1. In the list Val112, Val160, which residue meets the criterion of being crowded, with 19+ Cβ neighbours inside 10 Å, among the hydrophobic types (A, V, I, L, M, F, W, C), under 30 Å from Gly359 (Cα atoms) and touching a Gly at 6+ places or on another chain (Cβ under 7 Å)?
2. Check whether at least one residue in the stretch 193-211 is surrounded by 18 or more Cβ atoms within 10 Å (Cβ to Cβ) and within 19 Å of the chain's Cα centre (by Cα), and report yes or no.
3. Filter the stretch 110-152 down to residues that are assigned to a helix (DSSP H, G or I) and among the polar types (S, T, N, Q) and give me whichever is farthest from Leu172 (Cα to Cα).
4. Would you call Phe227 in contact (Cβ under 8 Å) with a residue 40 or more places away in the chain, outside any loop (DSSP other than H, G, I, E, B) and surrounded by fewer than 14 Cβ atoms within 10 Å (Cβ to Cβ)?
5. Suppose the filter is of a type in the set (Lys, Arg) and in contact with a helix residue (DSSP H, G or I) (Cβ under 7 Å, 6 or more places away or on another chain); does Arg245 pass it?
6. Looking at (1) surrounded by 12 or more Cβ atoms within 10 Å (Cβ to Cβ); (2) more than 25 Å from Ile244 (Cβ to Cβ); (3) over 12 Å from the mean Cα position of the chain (by Cα); (4) among the β-branched types (Val, Ile, Thr), find the lone condition where Val105 falls short.
7. For Tyr179, work out the one condition from (1) under 24 Å from Tyr118 (Cβ atoms); (2) surrounded by 13 or more Cβ atoms within 10 Å (Cβ to Cβ); (3) modelled with pLDDT under 95 it doesn't fulfil.
8. When residues of the stretch 254-288 are filtered for being in contact with a strand residue (DSSP E or B) (Cβ under 6 Å, 6 or more places away or on another chain) and under 17 Å from Cys148 (Cβ atoms), how many remain?
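The values are calculated or read from the model by the stated rules, or taken from the named source; none is laboratory data. These numbers come from a predicted model, not from an experiment. For neighbour counting, all protein chains shown are included, and Cβ atoms are generated from backbone atoms with ideal geometry for every residue, glycine included.
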Amino acid sequence: MSAAQWRRAMNSGAAGAARPLAGQSAASARSTSRTATATSAGTGPGRLEQLRSAIAPRHVIVLAAVLLLPLVATPFILFQVVAQSLVLGLIALSLTFLGGYGGMVSLAQMTVAGIAGYALAVLGHSSAAEISLGWPWWAAIPAALLICTLCATLIGWLSVRTEGIYTIMITLAIGVAFYYLVLQNYSIFNGFQGLREVYPPKVFGVAWRDPVPFYFLCLACGLGGYFLIRWIVGAPFGVALQGIRDNPRRMNALGFRVVAHRVAAYALAGFLAGVGGILFVWYNGLITPGSVGTSWLINILVIAVLGGMKHPIGAFLGAIVFVLLQTFAIDLVDRERFNLVIGGVFLAIVLFSPDGLLGLWERLRLHFAVPRSLTSNQRRQK
């Protein structure tokens, strides 16, 4: 991370920007100071220029495509493939944020999503009327999100004092423990049968589980989560979190509270996973111990790594690839061999591009872009 990014993110102020750097004239320093001051105050061209540079033509094309997709896609593709990809991508986005920007690989993100799903089913409505409390949706949903965020904070508090394989093992142990808890508990979680008939409410007269409304609901939540992470990454908290990822001892020496930043990152990631967990329960119409089993803990990690842990959009890209393989690979191989296909794709991506599909795309783009630039330079020399 460059020194300029650190100065901007840490709010060094106009005085720090006014000091000329090595090789920088005083007039240039004053100009930089005025630009920084205008940008920090929300006036001047700085913020508009950042907005223009952030919005590329491809963003407009993608946004138009996802908005017009219901006009051309079948209900099966819209609900089974795209909506499911958005839901799984939102859960994987929480892991991407923790792993890519915080350096903390957690296998408990699907567990946090399952906690939100079970909380919604227990507090709201389900087929087990003797268990569910029957709260209205406007009370059950915030309560479920609050519960899963608190649980994610507790998981973070337990695991942030470790690093590497120890963090993975602690979060995996928590996920397995929660799986056996819901599997063997019948009074609250209804055991292996789980809680069924958990559907989204009808709001404004719209049946939100129908393919088109549910797609737009998942799209809104997915876009909200994506832009939230993009904003957090560029905010002072996100920049400090990346500094802690790179060198926690130095950040601690600079006065940053390393443990507090990491626990806060777990809380934010838990909230995102909770939103995805509620959508996942509505998508399936039920929540069972199988939804939080070991296989799903690993699947979320596979999705995040497939897309690329260093890119927020990579979580959704990995989810699309995963769902497409899950949906259509059974036409080529047996259903029991699906995990072999996923494992083969995962192994190939890790071997050829550790940064996932987006990293592979970047390498290919640079590979084909450099020869063209060299050719143009040679032509100009001639």
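1. Val112
2. Scanning the stretch 193-211 turns up no residue that is surrounded by 18 or more Cβ atoms within 10 Å (Cβ to Cβ) and within 19 Å of the chain's Cα centre (by Cα).
3. Among them, the one singled out is Thr149.
4. no
5. Against the criterion (of a type in the set (Lys, Arg) and in contact with a helix residue (DSSP H, G or I) (Cβ under 7 Å, 6 or more places away or on another chain)), Arg245 qualifies.
6. Against the list (1) surrounded by 12 or more Cβ atoms within 10 Å (Cβ to Cβ); (2) more than 25 Å from Ile244 (Cβ to Cβ); (3) over 12 Å from the mean Cα position of the chain (by Cα); (4) among the β-branched types (Val, Ile, Thr), Val105 comes up short only on (2).
7. (3)
8. Residues meeting the conditions: 2.
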